[in-house]
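Undergrad: Pasting a structure here, questions to come.
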Amino acid sequence: MQNGQPKSKSDKKPVINKQSLSYSLDDGIGHRARIGIIALPDDQTIEHELRMIFDLPGVACFVNRLPCDATISPDSLKAMESEILRAASLILPDLSVDVMAFGCTSGSLFIGSKKVHELIHKAHTHTVCTTPIEAATAALEALKARRIALITPYADEINQRLREHLRLNRFEVPAMGSWNEPVDAKVGRISPESIREAVVDLGRSDRVDTVFISCTNLRALSILEELENELDKPVISSNQALGWHCLRLAGINDSLPQYGRLLGQPIS
């Protein structure tokens, strides 16, 4: 009795109380591949779409986000460099990560993939690294693309930098279009129907053989197969290319044709 009240059942000690239970360890989640993703704070799409691609037995995706200005500009993209190491260090710090990706196409363009790799390797020495710009370049090579229709949400200064990157990698860019939307939270709300209209408009030209939808925040993955059937041309997106590159770098060669032709390709 306490203050005249009987003790409740929850106050009683358990009848059985075993401590230091025996256990065994297995390979855990991601026994085929653990993939780390560093994402932007307002990116509503990358995690959702990559988890669709990585929905394979033994493949696991672990995401952390880094601070970034809400308005995307060359300066805000470059500023993310100082946050990459911290973000990488908080993804499974006591476990091995097979592949780690910095999830921003334009950010990796302005910071440089080499610098991104450097920073990630300070946290995860032995992991294989990639970025959307590397993944897209490798994807275009794997598809034997040469004349690209480029579609982005970026301001023109970023678009021109991206176009020049593609040209330096021996791709022509005879067609391009942009929504010129600098606010990343709005980019994630551009409808798949708007994306479809832009892809069909630019992609139907005889001057292009492939369409590249650049930006991890654009919701394109679910419509890529439909667009390829309509245009009879490969259509790739940043998330599709990044997911494909992460899987192939991890030695996962499963084919996922429901997400476009690229997901049936090996790395060239």
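The values are calculated or read from the model by the stated rules, or taken from the named source; none is laboratory data. Keep in mind that this is a model prediction, so the values were computed, not measured. In this analysis, Cβ positions are derived from the backbone assuming ideal geometry, glycine residues included, and neighbour counts consider all displayed protein chains.
Undergrad: Go through the residues of the range 199-206 one by one and say whether even a single one is assigned to a strand (DSSP E or B) and over 21 Å from residue 262 (Cβ atoms).
TA: Scanning the range 199-206, I find no residue that is assigned to a strand (DSSP E or B) and over 21 Å from residue 262 (Cβ atoms), so the answer is no.
Undergrad: Of all residues in the range 238-268, which are in contact (Cβ under 8 Å) with a residue 40 or more places away in the chain and among the small types (Gly, Ala, Ser)?
TA: 238, 241, 243, 250, 251, 268
Undergrad: Which members of the range 138-177 meet the condition of being crowded, with 17+ Cβ neighbours inside 10 Å and in a strand (DSSP E or B)?
TA: If the condition is that a residue be crowded, with 17+ Cβ neighbours inside 10 Å and in a strand (DSSP E or B), then 148, 149, 150, 151, 152, 173, 175, 176 are the ones that fit.
Undergrad: For the range 220-241, name all the residues that are in contact with an Asp or Glu (Cβ under 7 Å, 6 or more places away or on another chain), in a helix (DSSP H, G or I) and not aliphatic (A, V, I, L, M). Write out each step before concluding.
TA: Applying the first criterion (in contact with an Asp or Glu (Cβ under 7 Å, 6 or more places away or on another chain)) to the range 220-241 yields 221, 233-235, 239.
Okay, now just the ones that are also in a helix (DSSP H, G or I), so 221, 239.
If the condition is that a residue be in contact with an Asp or Glu (Cβ under 7 Å, 6 or more places away or on another chain), in a helix (DSSP H, G or I) and not aliphatic (A, V, I, L, M), then 239 is the only one that fits.
Undergrad: Another question about this same structure. Please tell me if residue 121 is at pLDDT 95 or above, over 16 Å from residue 66 (Cβ atoms), more than 19 Å from the chain's Cα centre (by Cα) and in the same structural domain as residue 63 (by TED's automatic domain parsing).
TA: No; evaluated as a whole, the condition is false for this residue.
Undergrad: Counting only residues that are free of Cβ contacts under 8 Å to residues at least 40 places away in the same chain and either surrounded by 13 or more Cβ atoms within 10 Å (Cβ to Cβ) or among the small types (Gly, Ala, Ser) (or both), how many does the range 49-62 have?
TA: Qualifying residue count, the range 49-62: 5.
Undergrad: So, one more: From the list 98, 184, which residue is of a type outside the set (S, T, N, Q), over 23 Å from residue 69 (Cβ atoms) and crowded, with 18+ Cβ neighbours inside 10 Å?
TA: Matching residue, one of 98, 184: 98.
Undergrad: Mind listing whichever residues of the range 168-205 are among the hydroxyl-bearing types (Ser, Thr, Tyr) and closer than 18 Å to residue 217 by Cα?
TA: The first filter runs over the range 168-205 and keeps only residues among the hydroxyl-bearing types (Ser, Thr, Tyr), leaving 178, 191, 194, 205.
Answer for the range 168-205, where residues must be among the hydroxyl-bearing types (Ser, Thr, Tyr) and closer than 18 Å to residue 217 by Cα: 178, 191, 194.
Undergrad: Condition first: in contact (Cβ under 8 Å) with a residue 40 or more places away in the chain and either of a type in the set (Gly, Ala, Ser) or over 17 Å from residue 99 (Cα atoms) (or both). Now tell me which residues in the range 127-147 satisfy that.
TA: 135, 136, 138, 139, 140, 141, 142, 143, 145, 146, 147
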